[in-house]
Amino acid sequence: MTPFELPTVSVEATLRFVRALGTHRYVAGRLHMIHAFVFEALGDEAAGRAWASTVLETVDIASRDERLWRRSTDAELLAVLDGFWTPGARSERAREALLGLLERAELELPDTMPFDDDAEEGMHPLLVDAGWELLPLMELREERHRGAIEAFGEPIFFEAAVFDEETSIPSPSYLHELTALGPAELLFGANPEGNLVAPFVLWVEGNETYQDYVLRGVQRAAKL
């Protein structure tokens, strides 16, 4: 996958970007998995709080048991990022609660900087794993997806890309995946001034022309 780095570290702009990733016409599906610790730390305002409280009473909270993650919506993902990163009393409470949960589970705080790609493989617990799948090129339609089709230039170039997709084994994927978020990212990823401590990275996979067109649209929608 290829990293796409946001041109800003503003939390507000990052949230607009993430929101735009889920609302454009090229989204085919999404898979956002959020850990019970996150919903529990956000408190009663979190949509998954009741589920999280039940799970944390029945599952080994220090484990990697798959029941500790819940498939979530775009709105829930945005609420999590907002709840931990937007400065204010709410994010302070969320971070304090998350620290308490990590202590309860006897899980040590990471000794890595937030958003360190090298730390992703050993991240535990993984708190937010989120991403979107885009429509295959063969499913694009002139009346609805004219922009992406025309981004290839001459029609023959788009037709060639579709042919490559149809004949590839395995079939290519077109993905947008957020950088993995663990304790370091949610606890220390944003500062009181409303900025992330490092640039936010989206991981991208798929045809370069297609991805370039979609991401330019996402940035426009997010006013970046």
*Run the quick spin-label model on ASP164 and GLU143: label points 7 Å from Cα toward the beta carbon, then report their separation in nm to one decimal.*
2.9
_Sites excluded, trypsin sites (Lys or Arg not before Pro) in DSSP loops with at most 11 other C-beta within 10 Å, longest stretch of the chain_ = 142-222
_I'd like the distance between the alpha-carbon centres of region 76-101 and region 1-73, rounded to an integer number of Å._
12
*How many nm is it between the label spots at ARG220 and LEU107, if each spot is 7 Å from the Cα in line with the beta carbon?*
4.1
*Taking region 25-180 as the region of interest, what is the percent of Cα-Cα pairs per 10 angstrom bin, listed from the shortest bin to the one with the maximum distance?*
9, 30, 27, 16, 14, 3
*Residue of ALA62, ALA180, ALA41 that the Gaussian network model of the chain assigns the largest fluctuation, springs spanning Cα pairs under 10 Å*: ALA62
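Could you give the length gained by full extension between ALA28 and GLU45, i.e. 0.36 nm per residue of separation minus their alpha carbon distance, to one decimal place? Before the final figure, lay out the partial values.
Values: separation 17, 0.36 × 17 = 6.12 nm, distance 2.88 nm.
That works out to 3.2 nm of additional length.
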*Say we join alpha carbon atoms closer than 10 Å with springs in a Gaussian network model of the chain; which of TYR213, TYR26, TYR174 then has the biggest fluctuation?*
TYR213
*Apply 1/(1 + (r/R0)^6) to the Cβ-Cβ distance of ASP65 and PHE157, taking R0 = 35 Å, and write down the FRET efficiency to the nearest 0.05.*
0.15
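Kirkwood hydrodynamic radius, computed over distinct alpha-carbon pairs, for region 3-111: how many Å, to one decimal?
Computed over Cα pairs of region 3-111, the Kirkwood hydrodynamic radius comes out at 15.2 Å.
Only the coordinates and a few stated rules stand behind these numbers; no lab work does. Note that the structure is predicted; figures quoted are calculated from it, not measured. No Cβ is skipped: glycine too gets one built from the backbone with ideal geometry, and neighbour counts run over all protein chains shown.
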